[in-house]
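Here the structure is laid out as structure tokens; the discussion comes afterwards.
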Amino acid sequence: MPDSKKISLKTDAHESLIPITHQVADVLTEFGMVNGLMHIFVLHTTCGITINENADPDVVHDLLERLNHLVPWRISSDRHMEGNSAAHLKSTLLGSSVTVPVSNGQLVLGRWQGIFFGEFDGPRQRTLYLTAIPS
Amino acid sequence: MPDSKKISLKTDAHESLIPITHQVADVLTEFGMVNGLMHIFVLHTTCGITINENADPDVVHDLLERLNHLVPWRISSDRHMEGNSAAHLKSTLLGSSVTVPVSNGQLVLGRWQGIFFGEFDGPRQRTLYLTAIPS
Amino acid sequence: MPDSKKISLKTDAHESLIPITHQVADVLTEFGMVNGLMHIFVLHTTCGITINENADPDVVHDLLERLNHLVPWRISSDRHMEGNSAAHLKSTLLGSSVTVPVSNGQLVLGRWQGIFFGEFDGPRQRTLYLTAIPS
């Protein structure tokens, strides 16, 4: 059984939080790991990954608006020619990976928790790298 | 020996950073793992987990005040009916887990480091999921 | 073969993002791990670790400026006598560790990704703790 895998994601907006719990769960099933940790890592520097509420879509709306409030697209000190330093900072604030416990072959997530890919300078083709670590 | 365990935490304020290093160390002793990583994961979306100074309680005070300065409780773009989008953003900024090295059966922490549970919409009953991963 | 190691870092500015990908890759070679995860942990509470672009140095410039914009050095609510609560908050926003996949004995990083140590109250001597976890 494999214990690592790349998966691709096509984002369709400049900014979005895309639920990926199902894709991660599917890869876990392929891996066949019973107990341990699932590590989900983004291979890019203008996106991130986080865990937050997957029930009310207004939470995602508010998170994206609040991240823009916190991290404006341009500020006067910016030098990076691509003009997307805001996306780089959001990437660092969210982080490049999450690690989720696995028990009895299932992701251990709270009732309201989902895994989200954070796109901050899309739309783009993105790649995630998933690793299973048995306990 | 078990290698994962849920522990409960009763928070008693709307916002707090609660030191949990001792509880984590006690679970590590139960696990009996000698070398590896200890993963501490929160099962909720309005709280988080972080590592910071456990010596001067004024650091915790300043962190909570500064997080409120950074993430006001309401902003005009908020839509989520529960009204706690600030807590969801703080959850994402801190992250849902920390991973701490283990050497010779002990948590590897710097002299001033402690593990803190971040409550951002309490008081509530909260659950953490701990996993030991041998190296 | 060892599977954990401390490495030291001398920072030379009050704030900096220092590329450490090469040091981490060298330790991975010492460890000789083929597949798994590399965990990089800071033993301090006024610095952090992150993954971001290692191509254009202007990205690092913009990240440091934007972090200062987000987290001013002093705000009126600060109580901590050392006066470095801003550094403590940046530590919590970046996080105390990153975890990077390893495949065929190499760090799995995207084309533009590098690992950065974030100094927020230097210059100081700093210590990192690296752990290899096979998959």
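The values are calculated or read from the model by the stated rules, or taken from the named source; none is laboratory data. Source: prediction; values computed, not measured. Positions of Cβ are backbone-derived with ideal geometry, glycine not excepted, and every protein chain shown enters the neighbour counts. For the accessible areas, the whole protein counts, side chains as well, though only heavy atoms, and no ligand, DNA or RNA atoms are used. Shrake-Rupley method; radii C 1.70, N 1.55, O 1.52, S 1.80 Å.
Computed quantities for the displayed model
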item: Neighbours by Cβ (under 6 Å, 6+ apart or cross-chain): first from the stretch B:1-29, under 24 Å from A:I133 (Cα atoms) and among the basic types (K, R); second open to solvent by 30 Å² or more (accessible area, probe 1.4 Å) and in a strand (DSSP E or B); result: B:K6/B:T127
item: Leading residue by the ranking (surrounded by the fewest Cβ atoms within 10 Å (Cβ to Cβ)) among those in the stretch A:1-26 that are in a loop (DSSP other than H, G, I, E, B) and among the hydrophobic types (A, V, I, L, M, F, W, C); result: A:M1
item: Elements of type strands (runs of 3 or more DSSP E) in the stretch A:37-135, at least 2 residues being touching a Phe, Trp or Tyr at 6+ places or on another chain (Cβ under 6 Å); result: A:47-53, A:97-103, A:125-134
item: Unmet requirement for A:D78, which otherwise passes all of (1) under 17 Å from the mean Cα position of the chain (by Cα); (2) within 7 Å of another protein chain (Cβ to nearest Cβ); (3) not basic (K, R); result: (1)
item: Residue under evaluation C:P2, criteria (1) over 14 Å from the mean Cα position of the chain (by Cα); (2) modelled with pLDDT of 95 or more; (3) not β-branched (V, I, T), criterion not met; result: (2)
item: Residue match in the stretch C:85-102 (condition: open to solvent by 10 Å² or more (accessible area, probe 1.4 Å), at pLDDT 95 or above and more than 12 Å from the chain's Cα centre (by Cα)); result: no
item: Residue list for the stretch A:1-20, filter: small (G, A, S) and either farther than 27 Å from A:L64 by Cα or more than 14 Å from chain C (Cβ to nearest Cβ) (or both); result: A:S4, A:A13, A:S16
item: Output for the stretch A:112-133, where each listed residue is open to solvent by 10 Å² or more (accessible area, probe 1.4 Å) and facing chain B (nearest Cβ under 8 Å); result: A:W112
item: Given (1) free of Cβ contacts under 8 Å to residues at least 12 places away in the same chain; (2) under 27 Å from A:K6 (Cβ atoms), number of the condition A:R66 does not satisfy; result: (2)
item: Residue within the stretch C:35-45 that is open to solvent by less than 20 Å² (accessible area, probe 1.4 Å), under 29 Å from B:K90 (Cβ atoms) and free of Cβ contacts under 8 Å to residues at least 60 places away in the same chain present; result: yes
item: Residue check for A:T29: out of contact with any Leu (no Cβ under 7 Å at 6 or more places or on another chain) and outside any loop (DSSP other than H, G, I, E, B); result: yes
item: Filter result for A:L63 (out of contact with any strand residue (DSSP E or B) (no Cβ under 8 Å at 6 or more places or on another chain), of a type outside the set (V, I, T), open to solvent by less than 30 Å² (accessible area, probe 1.4 Å) and at pLDDT 95 or above); result: no
item: Any hit, the stretch A:21-38, residues being within 18 Å of B:T45 (Cβ to Cβ), away from chain C (no Cβ under 11 Å), within 11 Å of the chain's Cα centre (by Cα) and modelled with pLDDT of 95 or more; result: yes
item: Failed condition for B:W73, given (1) more than 9 Å from every other protein chain (Cβ to nearest Cβ); (2) surrounded by 23 or more Cβ atoms within 10 Å (Cβ to Cβ); result: (2)
